[in-house]
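See structure below.
The values are calculated or read from the model by the stated rules, or taken from the named source; none is laboratory data. Just so it is clear, the model here is predicted, and its values are computed rather than measured. All Cβ positions, even for glycine, are placed from backbone atoms using ideal geometry, and neighbour counts span all protein chains on display. Note: areas computed on protein heavy atoms with side chains; ligands, DNA, RNA excluded. Shrake-Rupley method; radii C 1.70, N 1.55, O 1.52, S 1.80 Å.
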Amino acid sequence: MTQIELRGIEKHFGAVQVIKNLNLAIADNEFIVLLGQSGCGKTTTLRAIAGLETIDEGDILIDGRPVQHIKASHRDIAFVFQSFSLYPHMTVFENIAFPLRAMRGNRTDIEREVQAVAKTLQITHLLAKRPSALSGGDMQRVAIGRALVRRPKAMLMDEPIGALDAKLREEMRAEIKRLHIKQGSTTIYVTHDQVEAMSLADRIVVMHEGVLQQVGTPHEVYARPANMFVAQFVGSPVMNMTEVTVSEDAGHARVLVRGAPTAFDFPSSLTAELTAAGAENGNLTLGVRPEGVLVSREAREGFVPVEAHIIEPLGSHDIIDLQVGAQMLRARTKSGFVPRPGEAVWARINPAQAHFFDSSTGTSFGIRL
Amino acid sequence: MAAVQTRSERALNRVAIAAVLVITLLFLAPIYWITSTAFKPRNLATTIPPTVIFEPEISPFVKLFTKRSQLRAAPEPEDYAAAPWWERLVFDGGEKVVRSGRGDVQLSGYPNRFMNSLIVAITSTVLAVSMGTFTAYGFSRFKMKGEADLLFFILSTRMLPPVVVAIPMFLMYRAVGLNDTHWGLIILYTAFNLSFSVWLMKGFIDEIPKEYEEAALVDGYTRLEAFFKIVLPEAATGIAATAVFCFITAWNEYAFALIMTNRRAQTAPPFIPSQVGSGLPDWTVIAAGTFLFLLPVAIFTFLLRNHLLRGMSFGAIRK
Ligand SMILES: Nc1ncnc2c1ncn2[C@@H]1O[C@H](COP(=O)(O)OP(=O)(O)O)[C@@H](O)[C@H]1O
Ligand SMILES: [Mg+2]
C-alpha cells in the first residue's frame with residue numbers, strides 16, 4: 001500500500017531549472033511511466049523521489065508523509081538505475097542479497113528470498129556467476145531482482161531496458177509487465193520510448209523541459225493529447241501538424257491547409273466549437289494522425305485531390321506522403337493501395353481523428369467531432 | 001592483435017622484443033651486481049675485471065648482523081675451534097665478533113635500522129593511503145567551494161624539491177622534539193606521500209560510478225557502510241597501486257632520514273653508506289645490506305602484482 005504524491009516540485013541545477021512546478025498523485029499499485037525526451041528531467045524526478053537528490057521547492061509525500069528530510073536509506077524505495085546495474089565484485093547471488101543484508105536478516109531467510117526472486121525471474125542458474133559473465137538481458141533481470149527482493153514500498157526504474165537491443169527490449173517489456181501484474185507494487189518507470197510507455201503504463205506522465213505536459217492512460221494520451229508536444233511525441237508515425245484556416249460554407253465547415261487549392265470538409269459544428277473555445281483563424285493548427293487521413297484512388301464527395309510523393313511500404317501497411325498545397329500530410333493505407341509515387345489520389349481527413357491546437361501556445365482546444 | 005602477421009610486422013615485433021630485453025637487462029644489471037657482491041668473498045668483491053664465477057658464501061651477511069672489531073693477530077686455535085661456524089667466518093675475515101661482558105654476541109646497527117625502516121615505511125604508507133583514500137573520496141563525491149584550488153594546493157606541496165625545506169624542517173623538529181623519532185619520520189613521509197595518494201586515489205574513485213553507492217543508499221545502507229562495502233572493494237586495485245608507490249617512496253627516502261635521524265630512529269638508507277666511511281670499506285657487507293634492503297619492496301610489489309597490472313591499465317579496460 002503505497003501512494004506517492006508530488007506537490008509543486010521545483011529543482012534547479014545552478015541557474016538551470018530542471019523541474020518546474022511538478023504535481024502528480026500516484027495511486028497504490030499503479031504503474032506510472034514518466035515519458036519524455038532525454039534531458040527533460042525524468043531521472044532527476046526519480047532521484048528526488050528516492051532521496052538521492054534534494055528539491056528546491058514543494059513536497060514529496062509517501063503515504064501522506066512528507067519525506068524530504070528522510071534519507072534515501074530510510075525511504076524503503078527500490079531503484080533500478082539507468083547506467084548501473086550490478087556490483088562487479090559480487091556474484092549474482094550476492095548482488096540480489098545485498099539489499100537484504102542491509103536489513104540484517106538471518107542467512108536462511110536471505111537465501112530463501114533470493115532463491116524465490118531468482119525463480120520468479122528465471123535466473124536461478126545464474127546465481128553463482130559474476131556479472132561480467134552475464135548477457136545484457138540477464139544483467140537487467142538481476143538488477144530488477146535486486147529491486148524486487150526487498151519488497152519495497154515502491155519501485156523506481158530509470159530506463160532499465162534502454163540499453164538493450166530492440167528484440168530483447170520487447171521481451172523484457174512483457175516480462176516487466178507480467179512481474180508487475182504478479183507482484184503489484186507502486187512503480188514509476190522512466191523511458192524516452194513511447195512504445196514502451198504505451199505498452200506498460202497504467203498512466204503515462206509526459207514531460208518536456210521539466211514541465212509536466214499531460215497525465216493520462218495510454219489511450220487518453222494517444223487519443224486526446226493535451227498539446228502539440230504530446231501529440232507529436234506519442235504515436236508513430238508522428239501526427240501530422242499543419243496550420244489551417246476554417247470557414248463556413250453551405251452548412252459545412254471548410255478546413256483549408258495553407259496553399260492548398262481545395263479545403264477539407266468538416267461537420268458544421270466545428271466552427272461553433274472553435275468560436276466557443278476562443279480559437280482564431282491565423283492561430284490554428286490541425287493535427288491528424290496518419291490513420292486519420294483517408295485516401296481514395298478516385299474523386300469522391302468531400303475528398304481533396306492530392307499527389308502521392310513518397311511511399312514507405314512497412315509490410316502490414318504503407319505510409320504515404322501526400323502533398324497538399326505546400327504541406328505534406330502522411331497517410332496510412334493498406335499496403336500497395338497506391339502503387340507508385342507521383343500518382344494523383346484523393347484525400348479526406350476523418351473529423352473524428354482531427355485535433356485542433358492553438359498555434360502559438362500549442363495547447364489543444366479539446367474539440368472532438 | 002591481428003592473427004596473421006605480415007613479414008614486416010614480424011620483423012618489427014622482433015626489434016621491439018630485442019629492445020625490451022636490452023632495457024630489462026640494463027635495469028637488472030645493478031641488481032645483479034649487488035646480489036652477486038653480497039655473496040662474494042671479500043677479496044673478489046673489487047677485482048678488475050669483475051669476478052663473475054665464484055663460490056658464494058654468506059659471510060657478508062654474518063658480518064652485516066654482528067658487531068666486529070679488527071683482529072691484531074690470528075685467533076687462538078682453541079678459540080677458533082670453540083667458535084660456532086658463523087663466528088669462524090668472521091675470524092677468517094681477520095675480524096672478531098664483539099661480545100658483551102656476559103659473553104652475548106653484540107648485534108650490529110643494521111637489524112635495528114632495518115626494523116626502523118619497516119616501522120616508518122609501513123606506518124606512513126598505511127596513514128598516507130587511508131587518509132588519501134578518505135580525502136579523495138570527499139573530493140570525488142562532494143561538491144565543495146574551491147575544490148580545484150584545494151586540489152592544486154595539495155599537489156603544490158610536491159612542487160618544491162623536498163631538500164629545500166630540510167633545514168627549516170630540521171629546526172622545527174628539534175624545537176618540538178621530533179628529531180630522531182619514529183613519529184618524526186612517519187609524519188614527514190605521510191605528509192610527503194599524502195598529496196600523491198590523494199591525487200592517485202581521486203583518479204581511481206572517480207572511475208567508480210556514483211550510482212554504485214547510490215544503489216547501496218537506496219538499498220538501506222548508510223554512506224559509511226556504502227563506502228566500506230562498495231567503494232573500498234571497487235578501489236582495491238587503486239589502493240594497492242597507491243600503497244606500493246607510497247611504500248617505495250618512504251622506504252627509499254634518504255635525504256630527510258639522513259638529516260632528521262642519527263641513532264634511535266635511523267632508517268637503513270642513511271645507515272648503509274655510513275658503513276663505508278669507517279676504515280677500509282667492506283663492499284660485500286654493504287652489498288649484503290643493500291640486498292636485504294631490496295627485498296621488502298620486491299616482496300610487496302610481487303604480492304600486489306595482479307592489482308598493479310590492473311591498476312596501470314585502469315580506465316583502459318573499462319568502458
Ligand atoms: N547533477 C547535475 N548537475 C547539473 N545538471 C544536471 C545534473 N543532473 C542532471 N542535470 C541536467 O538536468 C537536466 C535533466 O536531466 P535528467 O533528469 O537526467 O534528464 P532525463 O533523465 O530526462 O534525460 C539535463 O539538462 C541535465 O543536463
Ligand atoms: Mg535519464
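Quick notes on this structure:
- Computed over segment A:51-97, the Cα gyration tensor eigenvalues convert (square root of 5λ each) into semi-axes of 28, 12, 8 Å, ordered from largest to smallest.
- The slack in the chain from B:Glu55 to B:Ile31, taken as 0.36 nm per residue of separation less the alpha-carbon distance, amounts to 6.8 nm.
- Cα long-axis angle, helix A:107-121 against chain A (0 to 90 degrees, to the nearest 10): 20 degrees
- Among the chymotrypsin sites (Phe, Trp or Tyr not before Pro) in segment B:18-99, those located in a DSSP loop and surrounded by at most 16 other Cβ atoms within 10 Å of their own Cβ are B:Phe54.
- Sites A:Arg130 and B:Ser130 - FRET efficiency at Förster radius 25 Å, r taken between beta-carbons, to 0.05: 0.35
- Computed [θ] at 222 nm, helices only, for chain A once each DSSP H run of length n ≥ 4 contributes -39500 (n - 2.57): -7500 deg cm²/dmol
- Using the Karplus relation 6.51 cos²θ - 1.76 cosθ + 1.60 with θ = phi - 60°, the per-residue 3J(HN,Hα) values for segment B:233-241 come to x, 6, 9, 3, 4, x, 5, 4, 4 Hz, with x marking Gly and Pro.
- Within a straight-line Cα-Cα reach of under 18 Å, B:Lys67 can be paired with the following lysines, leaving aside sequence neighbours fewer than 8 residues apart in one chain: B:Lys96.
- Extension reserve of the A:Met328-A:Ala299 stretch, reckoned as 0.36 nm per residue once the Cα distance is removed: 8.5 nm
- For the protein assembly as shown, convex hull of alpha carbons as volume per residue, Å³: 283 Å³
- Heavy-atom accessible surface of segment A:240-358: percent carbon and sulfur, 1.4 Å: 49 percent
- Portion, in percent, of the accessible area of chain B that falls on carbon or sulfur, probe 1.4 Å: 69 percent
- Once you reduce segment A:201-247 and segment A:330-348 to the center of their Cα atoms, the two points are 26 Å from each other.
- Karplus-derived 3J(HN,Hα), 6.51/-1.76/1.60, for each residue of segment A:235-250, Hz, glycine and proline x: x, 9, x, 4, 4, 5, 10, 8, 6, 9, 10, 10, 9, 10, 7, 6
- Percent accessible area from carbon and sulfur atoms, segment A:4-233, protein chains only, probe 1.4 Å: 51 percent
- Only alpha carbons enter this Debye calculation for chain A, each as an equal point scatterer, and the log10 of I(q)/I(0) it gives at q = 0.07, 0.08, 0.13, 0.15 Å⁻¹ is -0.41, -0.52, -1.02, -1.20.
- Residues whose amide H lies under 5 Å from that of A:Phe79, counting only those 5 or more places away or on a different chain, are A:Leu156; hydrogens are built 1.01 Å from N in the peptide plane.
- Residues in segment B:115-157 reached by a label modelled at B:Ala255 [backbone nitrogen below 19 Å; 7 Å Cα→Cβ]: B:155-157
- B:Val98/B:Thr181 FRET efficiency (R0 30 Å; Cβ-Cβ; nearest 0.05): 0.65
- Each other residue within a Cβ distance under 15 Å of B:Thr284 adds +1 if Lys or Arg and -1 if Asp or Glu, for a net charge of -1.
- Label-point separation in nm, B:Ala82 to B:Val165, each point 7 Å along Cα→Cβ: 5.7 nm
- Area buried, chain A against chain B - accessible surface, total, 1.4 angstrom probe, square angstrom: 1700 Å²
- The phi-based Karplus calculation (6.51 cos²θ - 1.76 cosθ + 1.60; θ = phi - 60°) puts the 3J(HN,Hα) values of segment A:164-173 at 8, 7, 4, 5, 5, 4, 4, 4, 5, 4 Hz, whole numbers, x for Gly and Pro.
- For segment A:96-152 versus segment B:51-108, the inter-centroid distance based on Cα atoms is 67 Å.
- For chain B, accessible area per residue (1.4 Å probe, heavy atoms of protein chains only), Å²: 57 Å²
- Calculation over all alpha carbon pairs of segment A:240-358 in 5 angstrom steps from 0 returns a P(r) of 2, 12, 22, 25, 18, 11, 6, 3, 1 percent.
- Calculated [θ] (222 nm, deg cm²/dmol) that DSSP helices of n ≥ 4 give over chain B, each run adding -39,500 (n - 2.57): -20500 deg cm²/dmol
- Working from label points 7 Å from Cα in the Cα-to-Cβ sense, the A:Glu312 to B:Asn306 distance is 5.2 nm.
- Under 18 Å from the A:Asp59 label point (7 Å along Cα→beta-carbon), backbone N, segment A:1-17: A:2-11
- Neighbours of A:Ala223 by Cβ distance under 15 Å: Lys/Arg scored +1, Asp/Glu scored -1, total +2.
- Listed by chain and number, the lysines whose C-alpha is less than 29 Å from the C-alpha of A:Lys334, apart from same-chain residues fewer than 8 away, are A:Lys167.
- Peptide A:97-104 has a mean shielding of 4, counted as Cβ atoms of other protein chains within 10 Å of each residue's Cβ.
- Cβ-Cβ FRET estimate between B:Val22 and B:Ala148, R0 fixed at 51 Å, reported to 0.05: 0.75
- For peptides A:201-213, A:147-159, sequence by mean Cβ density within 10 Å, most packed first: A:147-159, A:201-213
- When the pairs A:Lys71/B:Lys210; A:Lys119/A:Lys153; A:Lys71/A:Lys129 are compared against a 27 Å limit on Cα-Cα distance, A:Lys71/A:Lys129 fall above it.
- Peptide-level mean, for B:218-231, of C-beta atoms on other protein chains within 10 Å: 6
- Within segment A:1-81, trypsin sites (Lys or Arg not before Pro) in DSSP loop having at most 14 other beta-carbon neighbours inside 10 Å: A:Lys71
- Residue by residue along B:208-217, Cβ atoms of other protein chains within 10 Å of the local Cβ number 6 on average.
- For A:Lys20, the aspartates and glutamates whose Cα comes closer than 16 Å to its Cα, not counting residues fewer than 8 places off in the same chain, are A:Glu5, A:Glu10, A:Glu53, A:Asp56, A:Glu57, A:Asp59, A:Glu209.
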